[in-house]
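Some notes on the structure that comes next.
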Amino acid sequence: MEANQYGLKRGSRTDSDRLMKYVLVGVSSLAVLIVLLIIVFTVANSWTSITANGIWDFLFGESWYPSRGDYGASSLIVGSLLVTLGAMVFAVPVGLACAIYISEIAPAKTRNALKPVVELFSAIPSVVYGFIGIVVFVPVIKAIFPDQQLFSNSWLAASFILGIMALPTVISVSEDAIHAVPQSYREASQAMGATKWESIMKVVVPAAVSGISAAIILGVGRAIGETMAVLMLSGNAAQIPDPLWNIFSLVSTLTGTIALQLPESVSGSVTQSALFELGVILMIMVLIINLCSRSVVKRAKRKIGEGDNKPSLFTRLTGREHILP
């Protein structure tokens, strides 16, 4: 086998590329296999509950009392959705505002200092967030709403702390998306007379909408899968709030119920199987969130890259089609 001018034998690069391809395919296949095994294991262990309770009664039953043989997961599903919705109501506007400030307004030194701090917040254990919520936030709620008959925990407390926990994800991903918008977009809009704020809101943010959408969906996934902080703050009452918008009521979530009751369940019992079925529901919800994320990102990219049908920069800034009336 002849060597080239760099001392490499012909075919050696092809062989190494082929070897790396096999290694990467093997590692990727192993990861997929592990996920499939987890799904099969969870579904197999939930089969006893599926056959005993039925899918319809399990999904839409409101009563969750394993000691009485009642396995209705609707209150847990609603609790998870309400807590996640409340968290996003706080995390999305605050996170997006922080991302815009860090990327577009803050000086370079401030940006370089804030970015690691934001990412550091994601490393704080959830039990610490839960403890802070109990010690700091719950007393604040009681002081602000003295007329409400509040328990130590509530849907509001869990949502607020979850929103804080989702902030690092929303801020970091949104800031990366905004910062990745080409500088020429900003320069062109300002050259046409737009203020810096107009450039940000009408040019930069719309151009980064796909990344911002992904940040929001990732934040939802972060919130809906959280366990410890929700377990400490939600109250763990398997009930649907009445009325539904009562933010001071106690709720219970899928993750909190699994973490709280699985260690006490008897191996092979219907209760343990029902908890595994809750895990299946949670996986389906996360899967739906991921599919929605991909759909939103693709749609946003398609909308931005429509070519000739895309609104011009002048139209974005002024709302008019032409310069002359």
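The values are calculated or read from the model by the stated rules, or taken from the named source; none is laboratory data. This one's a predicted model, so the numbers in the text were calculated from it and none came from an experiment. Reconstructed Cβ throughout: ideal geometry from the backbone, glycine too, with neighbour counts over all protein chains shown.
At a glance:
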| item | result |
| --- | --- |
| Filter result for the condition that a residue is touching a strand residue (DSSP E or B) at 6+ places or on another chain (Cβ under 7 Å) and either closer than 30 Å to ALA208 by Cα or of a type outside the set (Val, Ile, Thr) (or both), over SER126, SER122, SER154, SER103 | SER154 |
| Some residue of region 130-150 being at pLDDT below 85, among the small types (Gly, Ala, Ser) and surrounded by 13 or more Cβ atoms within 10 Å (Cβ to Cβ) | no |
| Test: residue in region 80-88 that is under 24 Å from the mean Cα position of the chain (by Cα) and within 30 Å of ARG186 (Cα to Cα) | yes |
| Count of region 174-184 residues which are over 11 Å from VAL209 (Cα atoms), without any contact (Cβ under 8 Å) to a residue 60 or more places away in the chain and not small (Gly, Ala, Ser) | 3 |
| Qualifying positions in region 92-130 - among the basic types (Lys, Arg) and without any contact (Cβ under 8 Å) to a residue 12 or more places away in the chain | LYS109, ARG111 |
| Residue match in region 241-248 (condition: of a type in the set (A, V, I, L, M) and modelled with pLDDT of 85 or more) | no |
| Residue count, region 208-266 (criterion: assigned to a loop (DSSP other than H, G, I, E, B) and among the hydrophobic types (A, V, I, L, M, F, W, C)) | 10 |
| Region 190-208, residues that are buried (at least 18 other Cβ atoms within 10 Å of the Cβ) and at pLDDT below 85 | ALA194 |
| Among the residues listed as ILE164, ILE224, the single one being of a type outside the set (Asp, Glu) and under 15 Å from ALA99 (Cα atoms) | ILE164 |
| Selection within region 259-281 - buried (at least 21 other Cβ atoms within 10 Å of the Cβ) and touching a Leu at 6+ places or on another chain (Cβ under 6 Å) | LEU275, LEU278 |
| Qualifying residue in region 25-40 (condition: surrounded by 12 or more Cβ atoms within 10 Å (Cβ to Cβ), modelled with pLDDT of 90 or more, of a type in the set (A, V, I, L, M) and assigned to a helix (DSSP H, G or I)) | yes |
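Each row is one residue, and each column tells you yes or no for (1) crowded, with 18+ Cβ neighbours inside 10 Å; (2) of a type in the set (A, V, I, L, M, F, W, C).
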| site | (1), (2) |
| --- | --- |
| MET88 | yes, yes |
| CYS98 | yes, yes |
| TYR101 | no, no |
| ALA106 | no, yes |
| LEU114 | no, yes |
